[in-house]
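Visitor: Starting off with a structure, shown below.
Each reported figure results from applying straightforward, stated rules to the coordinates on display, with no laboratory input. All values derive from a computational prediction rather than experimental measurement. Here the Cβ is made from the backbone with ideal geometry for all residues, glycine too, and neighbour counts use every protein chain on show.
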Amino acid sequence: MENKKAYIITGPTSGIGYETALELAKRGTVILVGRSKEKLQQVERTIKQAGHNAVSVVCDVSDMKSVKQAAKQIIELGLPIVGLLNNAGIMPQKATKSTQGWDMTFATNHLGSFMLTELLAPHLPDGANVVNIASAIEDPERKPAKIMGMKGGRYISAEASTRGEWKAGGAKMAGIDAYATSKQCVLASTMAFARENTRLHFNAVEPGITRGTNLGGANAIVSFIFGHLMAIIPPFSKYSSTPKKSANVITKVLTDISGKTGIYFDEKGEPMLGSELSRDIKFQDRVVSETRALLSKYN
Ligand SMILES: NC(=O)c1ccc[n+]([C@@H]2O[C@H](COP(=O)([O-])OP(=O)(O)OC[C@H]3O[C@@H](n4cnc5c(N)ncnc54)[C@H](OP(=O)(O)O)[C@@H]3O)[C@@H](O)[C@H]2O)c1
């Protein structure tokens, strides 16, 4: 059974992605896509030591040239791919630029996963699953995010996002508008793809407030808030998760064969609603067409 299926996962070298890669390896060959060759080799070794199969593809998902090369390499592997999981993501406080000179958070979280999906989709068999990891921070009405002063996605346009420009009136916490906007685009694109492409299945997962990952970097205060406080203090505790629990939910969605598409799952694997804007079909289509226009010269 193991050799008959293959799953691609981006960002398998820490947190939720690492645990999901180990889970997926029990079900097929895992194509590990990450920016550090050394870290990938370590995950590959762990999977192989457990008697499973894995292959590594080095890719910086924030760099569109690297994404293009990785997609080519993945196709050339000739493996029976039945699932693509776009998990790699960042939430830095400080804004930096990607290789193309774009906002690093937007390039990593939205543009990289969008481009990888577009390049691989024609090569995936009928019924294959594409799962994108979103975040409830995109929703300005989401209770835990609202309490923390987050204002949801602040999309002006794809071009403006690459320049790190967000709609006025955003969060006071550094980096949050970029993160929320990028994840709103991830969610909106997932829903647009599900409508556009009925040959494949596209779903999104909000993994919950997941402690013990590297998201947010090495900031001790952020780690403490996400690692300990949120797991016990309501209403945050209601949405609390661990990388292992998130991995189980994500694996279930990625390996599902019932044909579900266009669904946004919460940290318990139940369908949830995204922000009002992310559910607006016109907004979804606008995000997709503007992103396509932006990426057209890299295809
Ligand atoms: N933790 C939460 O509470 C939470 C909540 C909602 C959504 N999420 C989402 O869940 C996903 C996983 O996050 P996590 O919490 O597990 O964080 P994490 O531990 O920091 O893992 C992020 C993964 O993405 C990889 N990555 C980052 N930038 C990359 C790039 N340019 N190219 C290739 N790979 C890159 C990292 O690789 P390196 O090991 O090389 O750094 C790592 O493997 C993200 O999309 C995140 O936004 C997390």
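Visitor: Do the sum for the chain: with -39,500 (n - 2.57) for every DSSP H run of n ≥ 4, divided by all residues, what is the mean residue ellipticity at 222 nm, to the nearest 500 deg cm²/dmol?
Guide: The per-residue figure over the chain is -11000 deg cm²/dmol.
Visitor: On to the next question. So if I place +1 on the C-beta of Lys and Arg and -1 on the C-beta of Asp and Glu, and nothing else carries charge, what would the dipole magnitude of the stretch 2-298 be about its Cα centre? I want it in debye, nearest 20. Don't skip to the end; give the middle numbers.
Guide: Values: 37 positive and 27 negative charges, 70 e Å.
With only Lys, Arg, Asp and Glu charged at Cβ, the dipole is about 340 debye.
Visitor: Need one number: the % of Cα-Cα pairs in the stretch 157-299 sitting beyond the 18 Å mark.
Guide: 65 percent
Visitor: Find, among the trypsin sites (Lys or Arg not before Pro) in the stretch 53-134, those assigned to loop by DSSP (not H, G, I, E, B) with at most 11 other beta-carbon atoms within 10 angstrom.
Guide: 94
Visitor: Once you treat every alpha carbon in the stretch 1-137 as an equal point and sum by Debye, what is log10 I(q)/I(0) at q = 0.19 Å⁻¹?
Guide: Listed by q, the Debye log ratios stand at -1.08.
Visitor: Right, another one. State whether the stretch 141-205 is rounded, prolate or oblate according to the following rule on the C-alpha gyration tensor (a ≥ b ≥ c being the square roots of its eigenvalues): a/c under 1.5 gives rounded; otherwise a/b larger than b/c gives prolate, and the remaining case gives oblate.
Guide: Oblate shape, in that a/c is at least 1.5 and b/c is the bigger or equal ratio.
Visitor: Given contacts defined as C-alpha pairs under 8 Å and at least six residues apart, what's the relative contact order of the chain, whole-number percent?
Guide: 19 percent
Visitor: Kindly give the semi-axes, whole Å and largest first, of the ellipsoid equivalent to the stretch 59-187, taking each as the square root of 5 times a Cα gyration tensor eigenvalue.
Guide: Values for the stretch 59-187, descending: 29, 17, 10 Å.
Visitor: Once you have all Cα-Cα distances for the chain, histogram them in 5 Å bins from zero and send the whole-percent values.
Guide: Bins of 5 Å from zero give 1, 6, 13, 18, 20, 18, 13, 7, 3, 0, 0 percent of pairs.
Visitor: Another one. Please list the helices of the chain that count as membrane-span-like by this rule: a mean Kyte-Doolittle hydropathy of at least -0.5 together with Cα atoms stretching 15 Å or more along the helix axis, each helix being a complete DSSP H run.
Guide: On the way: long enough: 15-25 (16 Å, 0.54); 37-49 (18 Å, -1.68); 64-76 (18 Å, -0.33); 176-196 (29 Å, 0.26); 243-254 (16 Å, 0.02); 281-295 (21 Å, 0.01).
Membrane-span-like by this rule: 15-25, 64-76, 176-196, 243-254, 281-295.
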